[in-house]
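Comments concern the structure below.
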Amino acid sequence: MSPDLKEEYTDAHYEPVEESTVPPRYYTPHVRAEKDRKKQGGDVSHSPAVLIILLLLGMIAGSVLTGIYFNRRLSSLEASLLDMEKAEAEAADAALSAATAAGEAESETGLTPAEIYRLATQQVVGIRTEFTVTNFFGMTSSGAVSASGFVVSPDGYILTNYHVIEDAHLRNLNVDVVFYDGAKYSASIIGIEPANDLAVLKIEAEGLSAAVIGNSDTLEVGDPIYAIGNPLGELEFSMSTGYVSALDRVISTDEGESINMFQLDAAVNEGNSGGPVYSRTGEVIGIVTAKYASTGVEGLGFAIPSNDASEIASDLITKGYVSGKAALGVTVNNDYTAMYAQYYGMPLGAYVDSVISGSAAEAAGMRASDIIISIDDTVIQNYNDLRKCLRLYRANDKAMITVYRSGEEIQLPITFDEAKPS
């Protein structure tokens with residue numbers, strides 16, 4: 001360095017000294033020495049070989065740690081899967097046990113359809129009535145009514161619909177009963193109940209398999225049912241299955257009667273009338289009575305509940321008639337219609353033709369030509385209204401009857417008699 005430059009470049013931190021012997025104060029010899037030592041191989045911690053080894057060791061350690069973590073996670077997953085499998089197995093066992101228990105309960109309280117059919121073949125019968133018809137030219141032809149019924153006692157009492165044997169009853173025709181095995185018996189008519197479309201027959205036989213009458217009050221919509229009979233009079237001992245579709249249907253028959261029935265969707269046809277409706281326990285819980293007959297309508301059958309039928313059958317067997325029914329004791333003119341009433345300026349009602357001597361009507365003061373216009377709160381407009389209203393009462397019940405007589409309304413208190421067959 002030249003003397004001129006040395007004099008021009010000076011500051012507070014610089015003291016000119018001989019550069020060859022003393023380094024500047026900001027110079028750090030130990031750093032330089034450290035660098036020199038490294039260059040000479042004195043520090044191996046950052047050598048390439050060591051770095052590679054350390055990298056490999058790190059990778060191995062990481063793999064080990066990762067493996068340990070993965071193994072732990074795998075073990076945990078396996079444990080969870082095992083727990084799930086165990087839970088599923090336990091649930092399956094529980095479901096199987098429940099199904100087995102249900103099956104055992106079903107086998108104890110219910111029968112299979114095949115078992116019900118085998119039972120029915122011992123209880124259901126075909127009912128046949130032969131008759132002759134004479135036409136306008138005096139020519140005769142024969143015919144037959146084939147329907148169904150079922151045994152209600154071991155000694156030969158059989159329950160069916162009244163309309164099945166109506167012609168035989170009115171015309172004094174023979175009635176035959178045919179069993180599944182071909183056995184044929186001549187039957188007599190023990191009692192009839194047209195208002196509820198029921199009749200009881202009797203054959204001379206012993207040791208028959210009688211149907212067990214179930215409790216129809218326990219029926220619920222959706223209960224399975226089995227109808228067995230002789231559809232069309234030819235397809236003998238056919239079974240159709242279905243369910244209870246509705247309860248407490250008031251059905252009007254062709255004869256103008258209104259009967260409480262339950263609805264079913266099992267296929268029933270002409271010839272099924274009078275046949276039993278079985279429950280899944282093999283008990284009779286109804287009697288097939290009506291089908292809604294219309295083009296395009298299916299699955300609308302009706303049956304009389306067994307509780308109603310059994311009470312009526314019991315009366316018919318023991319008394320020959322249904323006891324306890326209310327009787328008024330008058331004859332009514334069916335020709336008195338709305339047109340007749342309007343023409344004569346009289347009210348609608350049931351026109352009394354005559355009063356039976358010694359009857360409840362006579363005791364109440366009723367007269368011929370009276371027009372019955374109400375019983376208690378029920379309005380009467382014709383004979384059918386009167387007949388339906390009387391079915392709401394029992395023998396010895398009291399009521400207030402209002403009649404129209406000579407331009408005024410008169411109230412007559414009455415105590416009903418018991419209706420008995422003539």
Say whether the condition of being within 29 Å of the chain's Cα centre (by Cα), among the aliphatic types (A, V, I, L, M), in a helix (DSSP H, G or I) and modelled with pLDDT of 70 or more is met by at least one residue in region 142-154. no
So which residues in region 310-358 are farther than 17 Å from Ala195 by Cβ and under 36 Å from the mean Cα position of the chain (by Cα), if there are any at all? Ile317, Thr318
By residue number, the members of region 235-252 that are assigned to a loop (DSSP other than H, G, I, E, B) and either closer than 11 Å to Ser148 by Cα or touching a Phe, Trp or Tyr at 6+ places or on another chain (Cβ under 7 Å) (or both) are Glu236, Phe237
Tell me the residue from Glu108, Glu115 that is modelled with pLDDT under 90, of a type outside the set (Gly, Ala, Ser) and assigned to a helix (DSSP H, G or I), please. Glu108
Among (1) in contact (Cβ under 8 Å) with a residue 60 or more places away in the chain; (2) assigned to a loop (DSSP other than H, G, I, E, B), which single condition is Glu206 missing? (1)
Before we move on, is Ile373 among the β-branched types (Val, Ile, Thr) and within 43 Å of the chain's Cα centre (by Cα)? yes
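The values are calculated or read from the model by the stated rules, or taken from the named source; none is laboratory data. Just so we're clear, the structure is a prediction, and the values are computed from it rather than from any experiment. Ideal geometry is used to build each Cβ from the backbone, glycine not excepted, and the neighbour counts take in all protein chains shown.
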